Amino acid sequence: MGERNRGTAIDDIAYLIRSEHRAPTLIALTVRPRSRSELWEMAGVSESTIRRTLGEFEDRDWVQRDGYQYEATQLGAFVASAMADLIDRVETERKLRDVWRLLPDDESGFTIKMCADATVTVADPEDPSRPITRFCSLIEETDRLRFTGFDVAMLDSCKTELCERIVDGMETELINPPRVANYIRSNCPDLFSEALESGNLDVRLHDELPPFGVSIFDDRIAVTGYDREGVMVRVLVDTDDTDARAWAESTFTLHRRKTPILPIEQDL
């Protein structure tokens, strides 16, 4: 076995993660060639540290030198791609760690793998409305919205933005539990009357909806996780993953086909 092949794959992985600058440095060299000075400034380490790191990369044949610049080899790019995926996944997992049980379970067909490239927005004590803010930004970018499981926790925080978009032409179909109709009736009848009169809004009521929300936009889908009491949106996960979209379309269609479903106009 050659010198560069000593040890195991785990040893090489351990080497990359032992210092925080190593994996980002290798990933950066897959984007374009960079000089040593650029790398040590980017990595925030000393010049001697980056020189030693580049020498260790060369020993593994992960990078090659061309004059004053270094670039990743095909081998280095292969390793860097896997490390970038792993870092992204673990960063997503860390965001989901305290809230993932509020999302659909695997019996529904939803899997955490669908979140691999997702934007995860979690409420925190300093900014509890972060998921709502993200949701509002998504409805600003779509011409059609379909949502099932739209609870009062979501409705109360974004009703103005939602109604404005509907009046402006966003085609919207909501499948809600009856308590949402009661909320509309008692708190904001005029606001929703304008949206209903626009002809762009179809609200249907159903008792048997899951304890999470599913929204379908033009280019993305989102899953909403509420707290156990249903009074706060804890997390919004949105993605353009094709498997996640197929799951969301199937889930929405399933709920729409359930009976009885009453148009909200008949209930108000």
In region 217-230, what residues are closer than 20 Å to LYS95 by Cα and either at pLDDT below 90 or open to solvent by 30 Å² or more (accessible area, probe 1.4 Å) (or both)? ARG220, TYR226, ASP227, ARG228
Options LEU262, LEU174: the member that is on the phi < 0 side of the Ramachandran plot, modelled with pLDDT of 80 or more and of a type in the set (A, V, I, L, M, F, W, C): LEU174
Determine whether ILE184 is touching a residue at least 40 places away in the same chain (Cβ under 8 Å), open to solvent by less than 10 Å² (accessible area, probe 1.4 Å) and farther than 19 Å from ARG245 by Cβ. yes
Residues satisfying the stated conditions in region 115-133, i.e. in a loop (DSSP other than H, G, I, E, B) and open to solvent by 50 Å² or more (accessible area, probe 1.4 Å): ASP117, PRO125, GLU126, PRO128, SER129
Can you find a residue in region 60-68 that is touching a residue at least 40 places away in the same chain (Cβ under 8 Å) and either of a type outside the set (Ser, Thr, Tyr) or not assigned by the TED database to the domain that holds THR239 (or both)? yes
Out of the residues in region 61-77 meeting the condition of being outside any helix (DSSP H, G or I) and either among the small types (Gly, Ala, Ser) or farther than 19 Å from TYR15 by Cβ (or both), tell me which one is most open to solvent (accessible area, probe 1.4 Å). TYR68
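So that you can scan it fast, the table gives a plain yes or no per residue for (1) of a type in the set (Val, Ile, Thr); (2) over 22 Å from SER108 (Cα atoms); (3) surrounded by 16 or more Cβ atoms within 10 Å (Cβ to Cβ):
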{"position": "ASP168", "(1), (2), (3)": "no, yes, no"}
{"position": "ARG179", "(1), (2), (3)": "no, yes, no"}
{"position": "LEU196", "(1), (2), (3)": "no, yes, yes"}
{"position": "LEU201", "(1), (2), (3)": "no, yes, yes"}
{"position": "ASP207", "(1), (2), (3)": "no, no, no"}
{"position": "SER215", "(1), (2), (3)": "no, no, yes"}
{"position": "ALA244", "(1), (2), (3)": "no, no, yes"}
{"position": "ALA248", "(1), (2), (3)": "no, no, yes"}
Would you please list the contacts, defined by Cβ atoms under 6 Å and residues six or more apart or on different chains, that run from a residue in region 134-161 that is open to solvent by less than 10 Å² (accessible area, probe 1.4 Å) to a residue that is of a type in the set (S, T, N, Q) and part of a strand (DSSP E or B)? LEU145/THR172; PHE147/SER215; PHE150/ASN176
Anything in region 78-114 that is open to solvent by less than 20 Å² (accessible area, probe 1.4 Å) and either over 30 Å from SER215 (Cβ atoms) or free of Cβ contacts under 8 Å to residues at least 24 places away in the same chain (or both)? List them, or say none. ALA80, MET83
In the list ASP117, ASP151, ASP143, ASP85, which residue meets the criterion of being in contact with a strand residue (DSSP E or B) (Cβ under 8 Å, 6 or more places away or on another chain), at pLDDT 90 or above and of a type in the set (Asp, Glu)? ASP143
Which residue is modelled with the lowest pLDDT, if the candidates are limited to region 232-250 and must be in contact with a helix residue (DSSP H, G or I) (Cβ under 7 Å, 6 or more places away or on another chain) and among the β-branched types (Val, Ile, Thr)? VAL233
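The values are calculated or read from the model by the stated rules, or taken from the named source; none is laboratory data. Not measured: the values here are computed from a predicted model. Glycine gets a Cβ as well: all are built from the backbone with ideal geometry, and neighbour counts include every protein chain shown. Please note that ligands, DNA and RNA were not included when accessible areas were found on the heavy atoms of the full protein model with its side chains. Shrake-Rupley method; radii C 1.70, N 1.55, O 1.52, S 1.80 Å.
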